[in-house]
Amino acid sequence: MDANTASVVSTNIRGKIGIITICNQKKRNALSKAVLDGICLALSEFERSRVTVAVLRAEAGSQVWSAGHDISELPLHTDPLGFFDPLEAALRAVQNFPGPVLAMVEGTVWGGACDLAFTCDILIGEPGSSFAITPVKLGLPYNASGIMHFINRVGLNIAKEMFFTADPIKAERALNLGILNHLVPKPELESFTLAMAERMASHSALSISVIKEQFRLLTNAHAITPESFEMIQGMRRKVYLSHDYAEGIKAFMEKRAPVFEGN
């Protein structure tokens, strides 16, 4: 990792378990390009080092697991969630890592970080955990693959509620909805997560990698016609070229409520 990446993401390998820690609390662990590149590089290094289970976490004591996109880095007048953008690359890195990726969620999760957490294989949280997906607060056109991550995790009705309201889902409800696999007391979060990771690491890495890939292929088996894909891209383009998207970003940076005009 270069100096910028190493300053916001740290890694630690314990036997067959690799731990990725987002450590940029002064920016509420926002998903800057440096953070997302660091996650990708860490997972790549884990694979080379034959690490079989990865844990993604924030620093101990964090109130915010991640605030989501670093808004200052979102582009105007172009697709903010294109295939090669840093968040999309990080999501694919999590999906393509051959072993389980566990999200150890301490604190609140916002925006694109919610997508990152939902893309992990297992989520373990504590009573202060919550999850909110917030593109409508910015006038941002979320992409089809991201929406499918939510439908696969919580089902259509809850996905719609999360996107349309942008309200946080608190820990107890997140457990009931299947967002969290486990909800444990905060003092036990790390030990519980690492104990689960160790159990997974004791099993056949080859078997797990093949099963994980089957899960990925089966949950992505939602074919659409070329015409429908082009229509989705056209609708999204209308949003990211709109006044509302520019206004949403501007209002966030100016720390005020946006004034959306519907165009």
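The values are calculated or read from the model by the stated rules, or taken from the named source; none is laboratory data. Since we're looking at a predicted model, the values are computed, not measured. We place every Cβ from the backbone using ideal geometry, glycine too, and count neighbours over all the protein chains shown.
For this structure, a couple of remarks:
- Per-region count, region 149-158, residues surrounded by 14 or more Cβ atoms within 10 Å (Cβ to Cβ) and either over 15 Å from the mean Cα position of the chain (by Cα) or touching a residue at least 60 places away in the same chain (Cβ under 8 Å) (or both): 2
- Of R57, R92, R28, all but one fail to be touching a Leu at 6+ places or on another chain (Cβ under 9 Å) and either more than 19 Å from A132 (Cβ to Cβ) or not aromatic (F, W, Y) (or both); the exception is R57.
- Answer from A113, A103, A174, A132 - the residue that is surrounded by fewer than 24 Cβ atoms within 10 Å (Cβ to Cβ), in contact (Cβ under 8 Å) with a residue 12 or more places away in the chain and within 21 Å of T219 (Cβ to Cβ): A174
- Scanning region 177-197 for residues that are assigned to a helix (DSSP H, G or I) and surrounded by 14 or more Cβ atoms within 10 Å (Cβ to Cβ) returns L177, K186, L189, E190, F192, T193, L194, M196, A197.
- The set of residues in region 169-221 being hydroxyl-bearing (S, T, Y) and within 22 Å of F97 (Cβ to Cβ) consists of T193, S202, S204, S207, S209, T219.
- Within region 55-79, tally of residues that are surrounded by 15 or more Cβ atoms within 10 Å (Cβ to Cβ), among the polar types (S, T, N, Q) and over 15 Å from the mean Cα position of the chain (by Cα): 1
- Checking S228, S204, S242 one by one, the residue that is out of contact with any Phe, Trp or Tyr (no Cβ under 7 Å at 6 or more places or on another chain), at pLDDT 90 or above and either surrounded by 13 or more Cβ atoms within 10 Å (Cβ to Cβ) or not basic (K, R) (or both) is S204 and no other.
- Every condition in (1) within 24 Å of P187 (Cβ to Cβ); (2) hydroxyl-bearing (S, T, Y); (3) under 12 Å from the mean Cα position of the chain (by Cα) holds for T119 except the one numbered (1).
- Residue match in region 111-122 (condition: acidic (D, E) and touching a strand residue (DSSP E or B) at 6+ places or on another chain (Cβ under 8 Å)): yes
- Failed item in (1) closer than 25 Å to M196 by Cβ; (2) at pLDDT below 95, with S7 passing the rest: (1)
- Only a single item in (1) surrounded by fewer than 14 Cβ atoms within 10 Å (Cβ to Cβ); (2) touching a Cys at 6+ places or on another chain (Cβ under 6 Å) is not met by R50, and it is number (2).
- Checking each residue in region 80-100 for being crowded, with 18+ Cβ neighbours inside 10 Å and farther than 28 Å from I208 by Cα picks out P80, L81, D85.
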